[in-house]
Structures are given as C-alpha cells and as structure tokens.
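The values are calculated or read from the model by the stated rules, or taken from the named source; none is laboratory data. Just so it is clear, the structure is predicted and the values come from calculations on it, not from any experiment. Here the Cβ positions follow ideal geometry from the backbone for every residue, glycine too, while neighbour counts run over all protein chains shown. Just the protein is used for accessible areas: all its heavy atoms, side chains included, with ligands, DNA and RNA removed. Shrake-Rupley method; radii C 1.70, N 1.55, O 1.52, S 1.80 Å.
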Amino acid sequence: MSLVEVKVPDIGDFDEVTVIELLVKPGDTVKVEQSLITVESDKASMEIPSSHAGVVKSLRVKLGDKVAEGHIVLELEASASVRAEPVEAPAAPSASVSAPNSPSVPVKSSSDAIKTEVPAAALPAHEPSTPSATLPHASPSVRKFARELGVPLGEVRGSGLKGRITHEDVQAFTAAVMRGDAKTQAIAAKAPAVAATSGDSLGLLPWPKVDFTKFGTVERKELSRIKKISGANLHRNWVVIPHVTNHDEADITDLEALRVQLNKENEKSGIKITMLAFLIKACVAALKKFPEFNASLDGDTLVLKKYFHVGFAADTPNGLVVPVIKDADQKGIMAIAKEMGELAAKAREGKLSPAEMSGGCISISSLGGIGGTYFTPIINAPEVAILGACKGEIKPKWDGSKFEPRLMLPLSLSWDHRVIDGASAARFNAYLGSVLADFRRVML
Ligand code: CAO
C-alpha cells in the first residue's frame, strides 16, 4: 500500500478546464481507468480517469475549480499493483492524449488476446460542438449507468451544472417511474428552467464562457432574487409555449380626450387615470367575447375561467413583477386606476404578497409611458395570452376623403398556439381596437 497523488493528465489544447462533476468521494474504492471527475472547457467536457487502483483518501479539487495538466485530483491509497484491474479501452479516446503524470495501464485489446500498454487519458464526456439536436448533456459514466437501467436519457431532466444529467437524476427518474409518477420525477430532478417534455431534450450548446477581462474592465453583480425567479419562469414559458405575436393598432383619439377630461375632473382625488386602466377594462370585454383567451391548459384539458382577474407588468428597481387586479369586470375605471396605483407602489417597495400576484387570467405589459412601437411579450404561464402596449402616437389616417391626425396605440398580443389560432387572435385584437376606439362598447 502506498499513497499516490492522481494528477490531471495532458488534456490536449486546453490550458485550464473547470471541474463540473465529482464522481468519487473519500473512502470509495476505484479501479484503474475509473472516471474520477468531469472537467469542461468552452469546447468540450471530459472525464479524468484514475491512474491507479485503490481507496480514495482525500479529494484535492472541488466543483468549479480550474485545473490544468499536473493538478492533483486526489490522493489514493494504491493497491499493490496498478495492473490490478484490466479495463476496456475507451471506444473513442480523445485524440490520443498522453498522461505523463500517470503510469501506463493495461487494457484488454478488442480481441482480448494480446495485452497492450496505453497511457491513462482524459475521456471525452460530451462534445458540445457536435451538431446534435438530441444529445442529452451527460458524462459517459452517467450514460452507461442509464443504459444499464434502461433509462431514456432524453426524458431525464438534468439538475447539474448547465442542466447536466447526473447519476442522482437517473436514480430519481428510475424511482419515479417505479412509483408510476412522471411528475414526481420532474420535481425530483429539480431542473432549473425547462419543464419536462416527452420529447428529446433540447441538446443545446453550453453557455459560452468568455474571460471578459481580456477585452476591458468589468464588474460582476449577482442577479436580484426577483430576476432569478422571474428569469427562470420566463425561460420556461418562452421555451415551452409556442408563442405567436399579432400586432395591431387602436385609434384612441377619443379615449385619450376622455382620459384627460376625467383626470381634470378628478384632480383632487389624487388618482391618476392612465391608458392602462382602460386597457384592463377593454381586455375584460375581449375575454368575455373570446373565452378561450380566459383559459389555462391542464394536460389535454382546457380550463375555462368564469372570473376576470387581469395582471399588469410593473417595473421595479429589483426587476419585473406582475400584480393582479382581481374581479376587474366588477370594477369601474376609477377603482381600477386607484388599485393599480396602490399595487404599483407596493411592487416598487417590494411589499407585494404572493396573493396579490396570483390568479391572473391575462397579463398586460404596458411600455406606453416609456416608448417604442411594438414588441413580443412572453406569456405569463399558465395564462394563454399577454397584451403588450406601446406609446400612442399621432398618425395620419385616411377617413375616406382626407387624412386626419389620429392618436394610434400600438398593440402586441402574444398567444399560445396550442390553445388559440391566428384567426381568433386577429379577431381578439380587432375587437380590442374597436372597444378602445369607442369605449361605449364595453357595456354591450
Ligand atoms: N401612450 C402614451 N403615453 C402613455 C401610454 C401610452 N400607451 N401609457 C402611459 N402613458 C403616459 C401616462 O399617461 C403618463 O403620462 P403623464 O406622466 O403625463 O401623466 C406616463 O406615460 C407614465 O405612465 P406610467 O408608466 O406612470 O403609468 P402606467 O399606468 O402607464 O403604467 C406601470 C404603470 C406600473 C405599469 C408602469 O409604471 C410600468 O412599470 N411599466 C413598465 C412595464 C414593463 O416593464 N413591461 C415590460 C414587461 S416585459 O419585460
């Protein structure tokens, strides 16, 4: 028995790679060539094998460490002979990388007759630059483990770094299938963003790793809690929902005149009526006329709602939140404007309760106070549509005999194509436009 330091072998063209997976722990017995850690560069990931057989005494790396050739991976109490365990030669060794810090290890040749000596080498774990749309992100040992259990890796959600599938994910999947509970698997796997689908995984390339300091001065700032939460939700919604966005414009010339007038009359009330209050009310009218917009998908079932709660995106110093005006159908413009003001103030102070941000039927994202023409808002799941509004602008409109200056409001409606089709969306927008052009229609 002797204490051996297992080091990172020659890893080809890479100066430094990041440790993304620890495959053994102190006390584990390892064989020669058994994978110890997975490392990743910006181009590929690979497993570092053991040069000796023995018992792991201590790990000398942790997740996220940057390592290079010669870096000590772990200390091993080596068995009597490093030739203790003949192992299969890797099917596709990475460009014959040699390992000067590792002794040669015996391997079985394919014929199993002649024994040859080859150096221990870093095994390619996953070549992200391979143009494969279906390759799940997992190391060879995880793939082997999944193969042994008959687990389709494409169905497993990865909880590792960058969505990598780990041994634990495969185990969680197996346990969930044994329980007949696919949903539990999805939760157990704790995937960061994308909901479980029955199809293949996205097989995306890893996020580019760039040392920005090479190009200039930078500052690192952690995302706010709200940004982390909303980011994960937005990502899931954007990836899972087949979005389409219809753009239209509404003639709000008369409505704007009414809004200005109402604000003048109610100056002392302290309540400011903006176009958003009218948009909320107009949306309620459109939801009543087109009930499939006031719905959510539950598997293959559409849940049609008989209530009218409308969310509005509010920009806060910490990120985006969506407070909800409940029962907007039962409230007048003044009441809606007042509640909106209160909820927006609470949002900015970070004091909104979860109840005040839940139960929405449709959301409105208004950038009218800022500017822009059109954009493509992301649906706030489990809602099936979101209305974006931009800044109203005076445009020349042909009235049949001459051009008239009219105040036009740009509308962008994103909708879930699994529930809604293009013609319905165009009708929804056109109806919304007609209500905003003549607000008496809300009463119809
Ligand atoms: N066209 C022209 N002017 C508009 C307008 C429109 N469509 N909508 C609002 N305005 C005007 C208002 O009348 C107001 O004018 P005054 O200052 O002269 O009174 C000004 O723009 C500012 O309005 P506001 O933004 O304070 O009020 P609001 O009711 O329109 O919006 C709120 C409230 C909370 C939604 C808004 O402050 C906000 O946070 N908007 C950003 C939403 C967002 O980030 N969406 C993106 C989500 S996707 O990432």
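A count restricted to region 363-385 and to residues that are free of Cβ contacts under 8 Å to residues at least 60 places away in the same chain and part of a strand (DSSP E or B) stands at 2. Taken over region 386-398, the criterion of being within 14 Å of the ligand (Cβ to nearest atom) and not in a loop (DSSP other than H, G, I, E, B) is satisfied by Ile386, Leu387, Gly388, Ala389, Glu393, Ile394, Lys395. Filtering region 299-317 down to residues that are more than 24 Å from Lys272 (Cα to Cα) and modelled with pLDDT under 95, which residue is least open to solvent (accessible area, probe 1.4 Å)? Residue satisfying both the conditions and the ranking: Gly299. Of all residues in region 172-179, at least one satisfies being β-branched (Val, Ile, Thr), under 22 Å from Glu21 (Cβ atoms), at pLDDT below 95 and surrounded by 13 or more Cβ atoms within 10 Å (Cβ to Cβ). Within region 404-426, the set of residues being more than 16 Å from the ligand (Cβ to nearest atom) and either under 33 Å from the mean Cα position of the chain (by Cα) or not assigned by TED's automatic domain parsing to the domain that holds Ile370 (or both) comprises Asp416, His417, Arg418, Val419, Ile420, Asp421, Gly422, Ala423, Ser424, Ala425, Ala426. Only one of the numbered conditions (1) among the charged types (D, E, K, R); (2) under 28 Å from the mean Cα position of the chain (by Cα); (3) within 15 Å of the ligand (Cβ to nearest atom) is violated by Lys281, and that is (2). Just one of the numbered conditions (1) within 16 Å of the ligand (Cβ to nearest atom); (2) open to solvent by 30 Å² or more (accessible area, probe 1.4 Å) is not true of Asn429: (2). Out of Ser401, Ser363, report the one residue that is assigned by TED's automatic domain parsing to the domain that holds Lys306, among the hydroxyl-bearing types (Ser, Thr, Tyr) and crowded, with 21+ Cβ neighbours inside 10 Å. Exactly one of Ser401, Ser363 is assigned by TED's automatic domain parsing to the domain that holds Lys306, among the hydroxyl-bearing types (Ser, Thr, Tyr) and crowded, with 21+ Cβ neighbours inside 10 Å, namely Ser363. Selection within region 13-41: residues that are assigned to a loop (DSSP other than H, G, I, E, B) and surrounded by 16 or more Cβ atoms within 10 Å (Cβ to Cβ). The member of this set that is modelled with the lowest pLDDT is Phe14. Of all residues in region 346-384 being polar (S, T, N, Q) and over 21 Å from the mean Cα position of the chain (by Cα), which is nearest to the ligand (Cβ to nearest atom)? Filtering first and then ranking leaves Ser366. Taken over region 306-318, residues that are closer than 18 Å to Ile379 by Cβ and either within 11 Å of the ligand (Cβ to nearest atom) or charged (D, E, K, R) (or both) amount to 4.
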